[in-house]
Amino acid sequence: MIKYQLQPGLKIKADPNYYYELISILLDNANKYCDPNGTIFVNVGADKHGKNVLLKVGNSYAEGKNVDYNKFFERFYRNDTSHNNEKKSGFGIGLSIAQNLVKNFKGSLSVDWKDGNIYFTVSFKSLKQSTRSTSKQLNKTQ
């Protein structure tokens with residue numbers, strides 16, 4: 001099951017193709033590592049002060065309490081011991097690529113675990129509504 005919440009009207013400065021790649025990586029990761037019969041969460045909204053746009057992608061991950069998340073963004077790192085199922089494939093570079101994309105957007109990417117769910121949060125600097133050109137509307141799909 002996928003649950004999502006999108007705040008309309010938010011804008012960031014990002015290449016649309018790279019932004020799409022970032023979202024694809026985070027959703028693919030959530031799909032691969034979601035607990036059986038679990039939930040994937042997607043939330044796009046402004047932070048408390050309205051200065052940043054937050055993209056939060058998470059999934060059910062019951063065994064994540066004692067996992068060392070510091071290594072998740074290292075190339076070729078895979079925490080296979082607690083995620084042992086057939087639906088995982090790949091080389092362990094997705095989150096490393098995601099982190100590089102976010103750096104190119106001049107944003108930040110973090111990971112945390114709470115109450116049986118893992119969340120990857122991307123923070124982008126918000127653009128004012130009057131900005132045009134390379135801005136990407138987050139509430140529209142391609």
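Any read-out appearing in this document is the output of simple, stated calculations on the displayed coordinates, not a laboratory observation. Everything numeric in this text was worked out from a predicted model, so none of it was measured. Glycine also receives a Cβ, built like all others from the backbone with ideal geometry; neighbour counts cover every protein chain displayed.
A few remarks follow.
- Within the shell of other residues whose beta carbon sits under 13 angstrom from the beta carbon of G116, the net charge comes to -2, with Lys and Arg scored +1 and Asp and Glu -1.
- In order along region 109-119, the phi-based Karplus estimate (6.51 cos²θ - 1.76 cosθ + 1.60, θ = phi - 60°) of 3J(HN,Hα) comes to 10, 9, 9, 8, 10, 8, 6, x, 10, 9, 10 Hz; Gly and Pro are listed as x.
- Among the listed pairs K3/K103; K51/K106; K3/K128; K11/K114; K3/K51, a Cα-Cα separation exceeding 23 Å is found for K3/K103; K3/K128; K11/K114; K3/K51.
- Computed lengthening from I97 to K114, 0.36 nm per intervening residue step minus Cα-Cα distance: 3.7 nm
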